[in-house]
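Step one of this worksheet: look at the structure below.
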Amino acid sequence: RGRAAHDRVRAPRMSRVTVKDHGAKALLERAHKLAAGRVVRVGVLDDAPKREGEGGTGAQSLLEVAAQHEFGAGRIPQRSFIRGTVEAKGAEIADLQVSLAGLVLKGKIEPDQALEQLGAKVVGMVQTRIAAGIAPALHPDTIEKKGSSTPLIDTGQLRSSITYRVG
C-alpha cells in the first residue's frame, strides 16, 4: 500500500487503424486507363482504289471520292455524311460516351471495349445517314444515269468503307 502515485498510471492503449480499400485503387487505375488519351477515328480510313462501278474511272481513290462528297468539290455539292452525322447525333454520341465511361469505371468493361463499342455505334449512325439520303437531291441526269435517286450510293462501296479505328 505504499505505492507511489505514478505507479498507478497505466500506459495508454495503442489504437489500431485498419484501412480498407473497397476498390478505390482499382477505380483509380480504371480512371487512368480511361483517360489515357486513346481516341476513336470514324470515316473512310484506308486509301482503297475506287471500283469502276462507282461512277468513275477508278483513277480516284475512295478516300478522294469521300472527301469530295463530304466537303463538296467543283460540280459535286457538299453532302456531309461524317460531320453531318456527328452534328445531328452529337447528344446521342455524348450520352453513349458517358454511359460507356461509367461501365469502365465500374469495372464491367475494359476501356478498349468501350472505345470499340463507341466506334461501331458511330459507324452505324453514319451508314444509316448515307442510306437515308443526304441533301441536296441528285440532278435528274445523275438519277437517270445511275438509276437511283439516293445520293452517295451506287454500289454501296462508299457506305461499306465507313469504319473506325481505336488509337
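The values are calculated or read from the model by the stated rules, or taken from the named source; none is laboratory data. Predicted model, so just to flag it, every value in this text is computed and none were measured. Note that each Cβ is placed from the backbone with ideal geometry, even for glycine, and that neighbours are counted across all protein chains shown. Just the protein is used for accessible areas: all its heavy atoms, side chains included, with ligands, DNA and RNA removed. Shrake-Rupley method; radii C 1.70, N 1.55, O 1.52, S 1.80 Å.
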Select from the stretch 67-81 the residues that are touching a strand residue (DSSP E or B) at 6+ places or on another chain (Cβ under 9 Å) and in contact (Cβ under 8 Å) with a residue 60 or more places away in the chain and write down the one among them that is most open to solvent (accessible area, probe 1.4 Å). 69
Return the total of residues in the stretch 107-150 being within 16 Å of residue 84 (Cβ to Cβ) and either open to solvent by 70 Å² or more (accessible area, probe 1.4 Å) or touching a Pro at 6+ places or on another chain (Cβ under 8 Å) (or both). 8
Check 77, 111 and return the single one that is in contact with a Lys or Arg (Cβ under 9 Å, 6 or more places away or on another chain) and not acidic (Asp, Glu). 111
So which pairs qualify, if the first residue must be in the stretch 39-66 and over 23 Å from residue 77 (Cβ atoms) and β-branched (Val, Ile, Thr), the second must be modelled with pLDDT of 90 or more and not in a helix (DSSP H, G or I), the Cβ gap must be under 7 Å, and the two must be at least 6 apart or on different chains? 40/164; 40/166
For the stretch 151-167, how many residues are open to solvent by 60 Å² or more (accessible area, probe 1.4 Å) and part of a loop (DSSP other than H, G, I, E, B)? 2
Of the listed residues (126, 104), the one being modelled with pLDDT under 90, among the β-branched types (Val, Ile, Thr) and under 20 Å from residue 40 (Cα atoms) is 104
Is it true that some residue in the stretch 82-104 is touching a helix residue (DSSP H, G or I) at 6+ places or on another chain (Cβ under 6 Å), open to solvent by 60 Å² or more (accessible area, probe 1.4 Å) and more than 20 Å from residue 39 (Cα to Cα)? no
Those residues of the stretch 74-97 which are aliphatic (A, V, I, L, M) and modelled with pLDDT of 90 or more amount to 82, 86, 88, 91, 93, 94, 96
